[in-house]
1. Scan the range 104-130 for residues that are among the polar types (S, T, N, Q), part of a strand (DSSP E or B) and free of Cβ contacts under 8 Å to residues at least 40 places away in the same chain and report the count.
2. Which of the residues belonging to the range 67-101 are of a type in the set (A, V, I, L, M, F, W, C) and either under 14 Å from the mean Cα position of the chain (by Cα) or assigned to a strand (DSSP E or B) (or both)?
3. Can you tell me how many residues within the range 127-142 are surrounded by fewer than 19 Cβ atoms within 10 Å (Cβ to Cβ) and either of a type in the set (Val, Ile, Thr) or touching a Cys at 6+ places or on another chain (Cβ under 6 Å) (or both)?
4. Would you tally the residues in the range 158-217 being of a type in the set (A, V, I, L, M, F, W, C) and out of contact with any strand residue (DSSP E or B) (no Cβ under 8 Å at 6 or more places or on another chain)?
5. Select from the range 99-121 the residues that are of a type in the set (A, V, I, L, M) and surrounded by 18 or more Cβ atoms within 10 Å (Cβ to Cβ) and list them in ascending order.
6. Quick check: anything in the range 137-149 of a type in the set (D, E, K, R), out of contact with any strand residue (DSSP E or B) (no Cβ under 7 Å at 6 or more places or on another chain) and modelled with pLDDT under 95?
7. Quick one: in the range 143-193, of everything that is among the charged types (D, E, K, R), more than 12 Å from Trp127 (Cβ to Cβ) and touching a Gly at 6+ places or on another chain (Cβ under 7 Å), which residue is surrounded by the most Cβ atoms within 10 Å (Cβ to Cβ)?
8. If Val48 passes every condition in (1) at pLDDT below 60; (2) buried (at least 17 other Cβ atoms within 10 Å of the Cβ); (3) not in a loop (DSSP other than H, G, I, E, B) but one, which one does it miss?
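The values are calculated or read from the model by the stated rules, or taken from the named source; none is laboratory data. These numbers come from a predicted model, not from an experiment. As a convention, Cβ positions derive from the backbone with ideal geometry for all residues, glycine included, and neighbour counts pool all protein chains shown.
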Amino acid sequence: MQRPLMSSPKNEVQLKVGILAVSTIPPFPPPMIKRSSKAWLAAWLAFVVIASAALAQIATDTWRTFNSLDGVTANWVFDIAQTPDGVLWFATDAGVLRFDGVWREMNEDLPAPPALSLAVDAAGDLWMGSSHGVVRWRGESWERQGVGTELEEAVINDLLALPNGDLWAGGQESMFAWSPDEGWRRITGLPLSGIDQMALDARQGAWLAQAATVYRL
C-alpha cells in the first residue's frame, strides 16, 4: 500500500510513485521531531511503506534499524504519528505499535487489523483509521466511533486533522467528518468515489487523492 500525497513547506502538494530516495525527503515538520532532535523516517511521508518488519531512524549521519529483535511485530508500516507527550504510534498490518523507548502492541479493544492511518487532532488526541472504521485513543483504551452506523465498518484509508479541531476520515467508498460539537457525519457531493490520501497545504487548502485523481477543496 503506497501513500502518494503530501504537502511541502513551500505550499506545494507532491505526488510520488515508488520508493522514496533519502535525497528527496523534505524538512520534517515540528510535530514529527522527537525531543532528542532525531528525525524519524516513516510512513507519514504519505507514500512510503517500510517492509521486512523494520523501521529506520535517522541519527546524525547514520541509520538505526528496529526489527523483530527489538519488538517490532509487524511486517508493514502504513502510517506514523506522534502525540504531544512524545510517544510515537505506528499503524501496521498487525495493528498499532507504540514506542516510548520500548515497543508495545496496543491492540486491545481495536478492530481487526490492519491499522491503516493515524492522526493527532488539535487537542492532542490520537485517532486511528482501519479496515473496520475509526477508533480514538482515550488515554488507557481505544473507543470505537460511529457504532451502529456505516462508519463502523468503513475502510478508512486516511485521516486528516484540521486546525479548527475537526477530523476527516477518507474511506474506500466514502468520506466522513467529525467535529467536537456535532460528532460524525458523512460528506456527500465529492467528485471522488473514495479517498486514498488527504493533505493540507500551507494555506490550509485541502487536497484529496484517489488513484490517479487529485481534487482540491
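1. Result for the range 104-130: 1.
2. Trp76, Val77, Phe78, Ile80, Ala81, Leu88, Trp89, Phe90, Ala91, Val96, Leu97, Phe99, listed by residue number.
3. Adding up the residues that qualify gives 0.
4. Number of matching residues: 2.
5. If the condition is that a residue be of a type in the set (A, V, I, L, M) and surrounded by 18 or more Cβ atoms within 10 Å (Cβ to Cβ), then Met106, Leu110, Ala115, Leu116, Leu118, Ala119, Val120 are the ones that fit.
6. Checked the range 137-149: at least one residue is of a type in the set (D, E, K, R), out of contact with any strand residue (DSSP E or B) (no Cβ under 7 Å at 6 or more places or on another chain) and modelled with pLDDT under 95.
7. Glu152
8. Tallying (1) at pLDDT below 60; (2) buried (at least 17 other Cβ atoms within 10 Å of the Cβ); (3) not in a loop (DSSP other than H, G, I, E, B), Val48 fails exactly one: (3).
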